[in-house]
């Protein structure tokens, strides 16, 4: 099967999932969207009201800012893949509970395996903590880290604040835009360092 066929089949299974309480309270499951051959995969926390309504990720105000940041490095939504840690909207946009994140984790793992991006960009603290635990986003935002995830093997992660942060704190806008400008440099660094992938599952290093 092609990547598109595999992803379409996975998306169908996600829309039929009812493993946690979130499914009963949302309008639409939001699997993700974008290029199946994307070099960059963006992973946020979970759908908001607009995403729940349309069944698409990052289509509200935060999504508009994400599109603006992508344009700043000459990319469009169609060039990348965008997903979330949880696929259904938590009530009143509350933080997803650990059991809800755990229920969606296998779906996210399968998405990453199918798309096989060079770089995973985490958007916000909840996404970062899934892949780079015991870190503070204030300390590692704008830094690329290579880590060996047991289910995925060696992967490179780049932590960013969530685009929504800029909606509530004007000072974050400049920070996000500055961090975003480093993404092309990170991709080039990945290409140069593929021959030195770290084998230790728990070890992680700053890439740039």
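Every number here is computed from the coordinates shown, using simple stated rules; none is lab data. Remember, it's a predicted structure, so these values are computed and weren't measured experimentally. Neighbour counts run over all protein chains shown; Cβ positions are idealised from the backbone, glycine included.
Numbers below:
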{"read-out": "Residues 193, 127 arranged by fewest to most Cβ contacts within 10 Å", "value": "193, 127"}
{"read-out": "Option label - Rg/Rh (Cα atoms, Kirkwood Rh) computed here, alternatives [x] 1.02; [y] 0.94; [z] 1.07", "value": "[y]"}
{"read-out": "Whole-number percent relative contact order across the chain, with pairs defined as alpha carbons under 8 Å at least 6 apart", "value": "21 percent"}
{"read-out": "Helical contribution to [θ] at 222 nm, DSSP H n ≥ 4, -39,500 (n - 2.57), averaged over the chain, rounded to 500", "value": "-12000 deg cm²/dmol"}
{"read-out": "Per-residue Cβ neighbour rank within 10 angstrom, fewest leading, 168, 161, 81", "value": "168, 161, 81"}
{"read-out": "Burial ordering of 162, 141, fewest other beta-carbon atoms within 10 Å first", "value": "141, 162"}
{"read-out": "Segment residue 109-residue 27, extension gain: residue separation times 0.36 nm, minus the distance between their alpha carbons", "value": "27.2 nm"}
{"read-out": "Most fluctuating residue given options 38, 83, 189, as computed from a GNM of the chain linking Cα atoms under 10 Å", "value": "189"}
{"read-out": "Gaussian network model of the chain, Cα within-10 Å springs - most flexible of 182, 64, 192", "value": "192"}
